[in-house]
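Notes follow once the structure below has been shown.
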Amino acid sequence: EYSVELKGLNKVYSNILKEDTIALKDINLQIRPGEFISIIGPSGCGKSTLLRIIGNLDKPTSGTIEYRDGADQQMGFVFQDSVLLPWKNVRQNAEFPLVIQKKQTKENEEKLDELLELAGLSEFKTALPRELSGGMKQRVSIVRALSYDAPLLLMDEPFGALDALTRDHLNEELLKIWQKTKKTVIFVTHSIEEATFLSDRVLVMSARPGRVKEMVEIDLPRP
Ligand code: ADP
Ligand code: ADP
């Protein structure tokens, strides 16, 4: 049983002034519920395009995507530059999806505070985004993406703009949080270290133009 299944996905960007770009070519992928899967490959190989298509933010040129168990109804997103509402504090930003969806139940509010605690943000609940470091802002956006019951979490280079030390630190925290929440995570990165540290499965995308984007799968047993 899969939560998302991609069959024969192609994506071509048409350009008026130059040749078309084949961003994705014949991608087949089955995403299992609860797995942490990383997609790696050099810049321009189509990782973000693939993630956007899985996230319903873009359409494939051809091919199909099937979602099961409401995976397409709710998805959490974390991008490289998280956008926080500048006039809302840390807790209010993290709570925002619950407010929008009118799901501010006692249970959800308690869960939110637990997540803030896990992310090391308990003492900064009333801080405004401008008072936070880059790493802390990314933590807020991760908690925000986890605050409601989206079974699928999509992350595109969430720590790409951070220094190596902060990045290692946040990866450890992300792993801890993931182990508690057991969501399906699709994580895009160009760092093999990051991918192997975090994932159950790594998909390596080729960047050779015109080639079938055959993805090499590496299964990593968890300790
Ligand atoms: P990655 O995330 O691996 O760096 P992308 O998915 O961003 O790769 O891009 C894949 C290819 O598609 C690149 O050659 C890029 O220039 C091209 N591309 C991405 N988005 C667009 C777009 N909106 N219009 C035209 N070409 C695009
Ligand atoms: P991160 O590793 O999340 O990027 P930094 O390395 O910038 O955070 O900061 C390290 C520590 O400094 C944080 O974990 C936090 O305890 C503290 N800190 C960061 N920003 C602030 C702030 N605006 N006010 C008080 N303490 C802060």
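The values are calculated or read from the model by the stated rules, or taken from the named source; none is laboratory data. Here the structure is a predicted model, which is why all the values come from computation and not from measurement. For neighbour counting, all protein chains shown are included, and Cβ atoms are generated from backbone atoms with ideal geometry for every residue, glycine included. Ligands, DNA and RNA are stripped out before the accessible areas are found, and what is left, the full protein with its side chains, is counted by its heavy atoms. Shrake-Rupley method; radii C 1.70, N 1.55, O 1.52, S 1.80 Å.
Structure data summary
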item: Qualifying residue in region 124-142 (condition: in a helix (DSSP H, G or I), within 19 Å of Lys182 (Cα to Cα) and among the β-branched types (Val, Ile, Thr)); result: yes
item: Inter-residue pairs, beta-carbon under 6 Å, first open to solvent by 20 Å² or more (accessible area, probe 1.4 Å) and in region 141-156, second among the hydrophobic types (A, V, I, L, M, F, W, C), 6+ apart; result: Arg144/Ala94; Tyr148/Leu98; Pro151/Ala71; Asp156/Leu51; Asp156/Phe79; Asp156/Val188
item: Test set (1) modelled with pLDDT under 90; (2) over 28 Å from Val99 (Cβ atoms) - Glu173 fails condition number; result: (2)
item: So Glu19, is it under 24 Å from Lys183 (Cα atoms), of a type in the set (Asp, Glu) and open to solvent by 10 Å² or more (accessible area, probe 1.4 Å); result: no
item: Qualifying residue in region 85-107 (condition: within 27 Å of Ser141 (Cβ to Cβ), part of a strand (DSSP E or B) and not hydroxyl-bearing (Ser, Thr, Tyr)); result: no
item: Selection status of Gln92, away from ligand 2 (no atom under 14 Å from the Cβ), more than 30 Å from Ile40 (Cα to Cα) and surrounded by 15 or more Cβ atoms within 10 Å (Cβ to Cβ); result: yes
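For every residue, the table says whether it meets (1) touching a helix residue (DSSP H, G or I) at 6+ places or on another chain (Cβ under 6 Å); (2) loosely packed, with under 13 Cβ neighbours inside 10 Å; (3) not aromatic (Phe, Trp, Tyr).
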site	(1), (2), (3)
Leu116	yes, no, yes
Phe124	yes, no, no
Leu128	no, no, yes
Gly135	yes, no, yes
Leu174	no, no, yes
Asp219	no, yes, yes
